[in-house]
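S.K.: Before we start, here is the structure in question, set down as structure tokens.
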Amino acid sequence: MSDREVYWHLPGFYCFKLLNQVIMNMMKDYPEAFRGGYRIGSVYDTFPGAIWNGGRTIFGIVGKPEMESVLKLYNDRGIPVRFTWTNSLLEEKHLQDTYCNLIMRLADNGLNQALVNAPALEEYIRREYPRFRLISSTTKRLTRLEDVMRELEKDYYLVVLDYDLNGSGEALKRLEPYADRIELLVNEICVPGCSSRKAHYEHQARMQLEYDMSKPFSCPNRTHERSFAECKKLPAFVSNAEIGDYIDRGFVNFKIAGRGMSQEFLKESYLYFLVKEERQDFIREKVDELFARFRAARAGR
């Protein structure tokens with residue numbers, strides 16, 4: 001494996017804020033326990049209740065001081081916050097949303113990023129917030145290589161590859177000249193070739209727009225909450241051994257899925273991908289100990 005720097009894009013800048021903070025601190029305090037050359041390239045998510053959000057539906061609301069605090073947590077470490085502005089049903093009428101524009105103004109410092117899907121929103125961000133780096137989202141479900149190649153011709157900082165192309169030797173070979181602009185989703189839990197995936201995204205988008213969770217999506221391919229151990233058995237999973245090969249071929253951006261999953265799933269994903277195998281038990285114990293102390297402190301209030 002080459003000695004180039006590798007960038008990991010982590011989920012849950014808001015919903016997994018504490019876990020991410022613990023991992024960031026561990027990387028600083030125990031650098032010898034983490035894999036060499038790995039950096040946090042961004043942390044993606046949304047603030048609850050933002051109608052531009054896509055991929056997962058997240059309700060709620062966050063005040064301005066808390067937004068500023070979250071942005072500072074990551075930005076002060078030089079880590080971009082990446083907004084999941086991937087609601088595929090957005091129209092012109094949604095672009096002036098006060099809450100979403102407040103978020104963008106607070107984060108408009110030249111460091112932060114946005115995942116995009118809907119053309120109307122993408123054009124709006126390019127015009128009104130040109131300092132944001134834009135990333136083409138995997139929610140576009142571009143499974144044909146020709147469509148990915150056309151996407152790479154556009155002015156995107158990165159293009160997140162659809163998970164169904166992870167194991168395609170032909171696709172990856174043709175994408176090698178653009179490898180540093182490709183982001184690979186390494187731990188997707190969805191089944192290969194899922195015919196319901198795009199409809200699932202659209203359903204999530206509609207729920208976010210209408211603030212309605214009364215009719216959850218009935219996924220024919222998911223009968224239970226998948227564990228990280230099960231995720232490792234799926235064809236789209238990219239193992240550490242395979243990641244070394246990807247890096248040698250120039251692919252240096254990797255995305256860890258986790259929004260909508262349990263904290264345990266995400267913790268095990270971080271341990272597997274970011275921590276040296278022989279130090280995983282040590283870091284796991286440290287993380288569990290910190291969370292136990294946090295729960296005890298909360299219980300004692």
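Quick note: the coordinates plus some simple rules give every number you see, no bench work behind them. If you're wondering where the values come from, they're calculated on a predicted model, not measured in any experiment. Neighbour counts run over all protein chains shown; Cβ positions are idealised from the backbone, glycine included.
S.K.: Mind listing the phi-derived Karplus ³J(HN,Hα) values for segment 243-259, rounded to whole Hz, using 6.51, -1.76 and 1.60 with θ = phi - 60°, and x for any glycine or proline?
M.R.: In residue order, the calculated couplings are 4, x, 5, 4, 4, 4, 8, x, 7, 10, 10, 10, 10, 9, 6, x, 4 Hz.
S.K.: In nanometres, what is the gap between the two model label sites at ARG144 and ASP180, each 7 Å from Cα along Cα-to-Cβ?
M.R.: Spacing of the two 7 Å Cα→Cβ label points: 3.0 nm.
S.K.: How big is the antiparallel share of DSSP beta bridges in the chain, given as a percent to the nearest 5?
M.R.: Close to 5 percent.
S.K.: Let me ask another. For the residue pair ALA297 and LEU18, what label-to-label distance in nm results when each label sits 7 Å from Cα along the Cα-to-beta-carbon direction?
M.R.: 0.9
S.K.: Which cross-chain or sequence-distant (5 or more) residues have an amide H under 5 Å from the amide H of GLY54, H modelled 1.01 Å from N in plane?
M.R.: So GLY54 has HN proximity to THR86, ASN87.
S.K.: Compute the FRET efficiency between ASP29 and GLU92 as 1/(1 + (r/R0)^6), taking r as their Cβ-Cβ distance and R0 = 51 Å, and round to the nearest 0.05.
M.R.: Step by step, r from the Cβ atoms, then E = 0.60.
S.K.: Quick one: what are the phi-derived ³J(HN,Hα) couplings along segment 158-175, Karplus 6.51/-1.76/1.60 with θ = phi - 60°, whole Hz, x for glycine and proline?
M.R.: 9, 10, 7, 6, 5, 4, 5, 9, 4, x, 8, x, 5, 5, 5, 5, 5, 8
S.K.: Starting from the amide H of ARG82, placed 1.01 Å from N in the peptide plane, find each other amide H under 5 Å away whose residue is 5 or more places distant or on another chain.
M.R.: VAL43, TYR44, ASP45, GLN113
S.K.: Here's a follow-up. Can you pick out the pairs among LYS173/LYS286; LYS198/LYS286; LYS28/LYS64 whose Cα atoms lie more than 32 Å from each other?
M.R.: Over 32 Å Cα-Cα: LYS173/LYS286; LYS198/LYS286.
S.K.: Turning to a different aspect of this structure: I need the phi-derived Karplus couplings for segment 101-115: 6.51 cos²θ - 1.76 cosθ + 1.60, θ = phi - 60°, integer Hz, Gly and Pro marked x.
M.R.: Whole-Hz 3J(HN,Hα) from phi for segment 101-115: 5, 4, 4, 5, 5, 5, 9, 7, 10, x, 9, 7, 9, 8, 7.
S.K.: Tell me the label only: which of [x] 64, 48, 39; [y] 61, 44, 37; [z] 56, 52, 41 is Cα extents along the principal axes in Å as calculated from this structure?
M.R.: Correct label is [z].
S.K.: Further question: Please give the contour-minus-distance gain from LEU102 to LEU290: 0.36 nm per residue of separation, less the Cα-Cα distance, rounded to one decimal in nm.
M.R.: Roughly 64.3 nm would be gained on extension.
S.K.: How much length is gained on full extension from GLU170 to ASP245, taking 0.36 nm per residue of separation minus their Cα-Cα distance?
M.R.: 25.5 nm
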